[in-house]
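The values are calculated or read from the model by the stated rules, or taken from the named source; none is laboratory data. Please read all numbers here as calculations on a predicted model, not as lab measurements. All Cβ positions, even for glycine, are placed from backbone atoms using ideal geometry, and neighbour counts span all protein chains on display.
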Amino acid sequence: MNYSHEVERMCKVAKGVNHGPAPIPEEGRWVKPYQITDISGLSHGIGWCAPQQGACKLTLNVKNGIIEEALVETLGCSGMTHSAAMAGEILTGKTILEALNTDLVCDAINVAMREIFKQLVYGRTQTAFSEGGLPIGASLEDLGKGLRSQVGTIFSTGAKGVRYLEMAEGYILSLGLDEDGEVIGYKFVRVGKMLEDIRHGFDPGIALEKNTGTYGRYDSAVKYIDPREE
């Protein structure tokens, strides 16, 4: 350790207070974190790239400082899907400090890692007050049946109004309009469940019908439009 000349000439003053770090809530316990292995929890981080062309939602389940589970969801950039595939292979087995200082291929995923790191080390996690935390695989519950991300895709113009393209329920097949031309409901197909049924041997037409539903006052509409064609 090198000291400046000014510091070398100083007399020593004793340090009296040393209470250590403040405790953070962690899987139902209060933990004073000294080492990276003191960190556990499940949390989420949102990241974006420099041109803000795409975004990433990163979910990590960390046990004793080690990433045991990673869910990488991306939006808005086709190249980022491939980056997510590589990041998924990179993340598990690393400490969260290693992951923070690893190139996760895409800026948006790197930023998401930065944001989730702060959540974890400050104790602001989804499992902060859940005794024992969540089991490995818990992040898949956020995806629901069919294991598809929750995506909302809406397009609108001043000239022609709004078009719902995809909602939490699924891919939008048609919009229901009232007498004033306002949207009052929509018909959708649960794409994940439909593909799952087809994979299990259902006829595609039957699978489509089985997984098609409506939301709102769709059946009371006076006009129906295809949001991708009209």
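Look at Leu97 and say whether it is over 22 Å from Asp142 (Cβ atoms), touching a Gly at 6+ places or on another chain (Cβ under 8 Å), surrounded by 12 or more Cβ atoms within 10 Å (Cβ to Cβ) and hydrophobic (A, V, I, L, M, F, W, C).
Taking the combined requirement at face value, the residue satisfies it.
So Phe155 passes all but one of these: (1) closer than 23 Å to Gly192 by Cα; (2) surrounded by 14 or more Cβ atoms within 10 Å (Cβ to Cβ). Which condition number does it fail?
(2)
Just to check your reading of the model, which residue among Arg114, Arg9 is of a type in the set (Lys, Arg) and closer than 30 Å to Gly132 by Cβ?
Every option except Arg114 fails the conditions.
Would the stretch 164-183 turn up any residue that is part of a strand (DSSP E or B), touching a residue at least 40 places away in the same chain (Cβ under 8 Å) and in contact with a Ser or Thr (Cβ under 6 Å, 6 or more places away or on another chain)?
yes
So, Ser83, is that one touching an Asp or Glu at 6+ places or on another chain (Cβ under 7 Å), of a type in the set (Ser, Thr, Tyr) and either modelled with pLDDT of 95 or more or assigned by TED's automatic domain parsing to the domain that holds Lys118 (or both) or not? Before you say what the answer is, go through the steps one by one.
Details: touching an Asp or Glu at 6+ places or on another chain (Cβ under 7 Å): no; of a type in the set (Ser, Thr, Tyr): yes; either modelled with pLDDT of 95 or more or assigned by TED's automatic domain parsing to the domain that holds Lys118 (or both): yes.
Here the answer is no, as Ser83 does not meet what is asked.
Given (1) modelled with pLDDT under 95; (2) loosely packed, with under 14 Cβ neighbours inside 10 Å; (3) part of a loop (DSSP other than H, G, I, E, B); (4) in contact with a strand residue (DSSP E or B) (Cβ under 9 Å, 6 or more places away or on another chain), where does Gly132 come up short, assuming only one miss?
The number of the failed condition is (4).
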